[in-house]
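Notes to accompany the following structure.
The values are calculated or read from the model by the stated rules, or taken from the named source; none is laboratory data. These numbers come from a predicted model, not from an experiment. Glycine also receives a Cβ, built like all others from the backbone with ideal geometry; neighbour counts cover every protein chain displayed. Remember, those area values only see protein heavy atoms, side chains included, never the ligands or the DNA or RNA. Shrake-Rupley method; radii C 1.70, N 1.55, O 1.52, S 1.80 Å.
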Amino acid sequence: MERCSNCLGCKWIPFDKIKSQRFGENCPSIGYYNFNTYAVRGRFQLGLALLTKDAELSETVTQAIHSCTTCGACDVACKVTRYNLEPHDFNLALKAYAIEKGKLRPKQREIIESLAKEKTMMVGKARSSRTAWADGLGLVDMTKGKADMMFFAGCKASYDEKLQKVARASVKILQDAGVKVGFLAGSEMCCAVRAEQMGFREEFEKNARANIKLFADAGVKTIVTPCSDCYQAFKRRYAAQGLQVQVYHVVEYIEKLLKDGALKLTKPVPMTVT
Ligand code: SF4
Ligand code: SF4
């Protein structure tokens with residue numbers, strides 16, 4: 001916190017990476033609230049003030065802390081332009097500090113209660129319907145049998161009707177390439193990385209440990225997911241909790257199948273996509 005130079009580079013996409021400063025703002029939090037405390041530079045000052053007791057966790061301060069989306073854009077910008085002060089870890093720590101002190105936003109309680117009860121942070125969704133998206137796909141239940149890899153749909157693709165189509169299409173592509181696709185038949189839980197992003201470290205670690213045990217008991221060696229959050233959770237945050245399996249985003253896995261020749265493209269798609 002003390003080493004921050006107040007350059008405010010963390011508020012911008014590094015200018016040499018973009019065509020115009022007009023497209024340069026990267027922090028949604030200060031973009032919306034337009035006050036320094038809402039960018040990580042100001043959050044560093046706030047953190048110092050909390051340590052020295054020159055500030056307290058008032059309603060306004062709590063709101064400012066939780067307004068960070070943990071998108072990580074400031075972290076990339078500080079690494080590229082300045083000192084690599086690890087703003088992302090700091091933002092997580094600041095939120096965890098607020099939660100430890102019982103300072104949360106009203107909606108967060110509902111979300112964390114849903115995680116505890118239904119093992120998903122999608123409020124209103126039941127654990128019993130978690131695998132409805134996979135009906136009729138012939139996935140191998142890895143708690144009973146063996147498969148080439150475990151497909152982890154994640155909460156959004158499991159419950160959101162539009163994203164269920166993505167999960168189903170992903171599985172069909174993998175099966176067409178001859179991959180024996182497995183899943184945990186509903187025994188898995190939310191990756192809970194959003195809990196960590198909201199400051200609920202204990203809840204995240206509890207879910208991570210429970211999922212890691214489920215994966216180990218089912219003999220999972222490879223995880224494939226269509227969810228960017230789950231991907232980040234397993235690849236980065238679970239690795240720190242001891243997960244030792246190969247993790248692919250489904251797009252990476254499909255690229256691997258194309259390179260291995262297991263999957264062949266038959267029709268040209270004349271467009272550039274990102
Ligand atoms: S880019 Fe890094 S050094 Fe510069 S203000 Fe942001 S956190 Fe501080
Ligand atoms: S992680 Fe938080 S402080 Fe950093 S750019 Fe995103 S919203 Fe802003």
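For this structure, a couple of remarks:
- Directionally averaged projected area (convex hull, Cα atoms, the stretch 127-220), nm²: 6.2
- Long-range amide H partners of residue 247 with built H, under 5 Å: 223
- Applying a DSSP loop filter and a limit of 10 other Cβ atoms within 10 Å to the trypsin sites (Lys or Arg not before Pro) in the stretch 1-91 leaves 3, 19, 53.
- Translational diffusion of the stretch 1-145, µm² s⁻¹ [Kirkwood Rh, Cα pairs; Stokes-Einstein; 20 °C; 1.002 mPa s]: 121
- Heavy-atom SASA rank of 259, 103 (probe 1.4 Å, accessible area, largest first): 259, 103
- For the stretch 40-45, Karplus couplings with θ = phi - 60° (6.51, -1.76, 1.60), whole Hz, Gly/Pro x: 5, 4, x, 5, 4, 4
- When the C-alpha to C-alpha distance is required to be over 30 Å, the pairs from 107/165; 117/165; 107/172 that qualify are 107/172.
- The alpha-carbon atoms of the chain, seen along their principal axes, cover 60, 46, 31 angstrom, with the largest extent given first.
- Distance between the C-alpha centres of the stretch 73-112 and the stretch 160-203: 25 Å, rounded to the whole angstrom.
- From helices alone, the chain scores -13500 deg cm²/dmol at 222 nm; the rule is -39500 (n - 2.57) for each run of n ≥ 4 DSSP H residues, then divide by the residue total.
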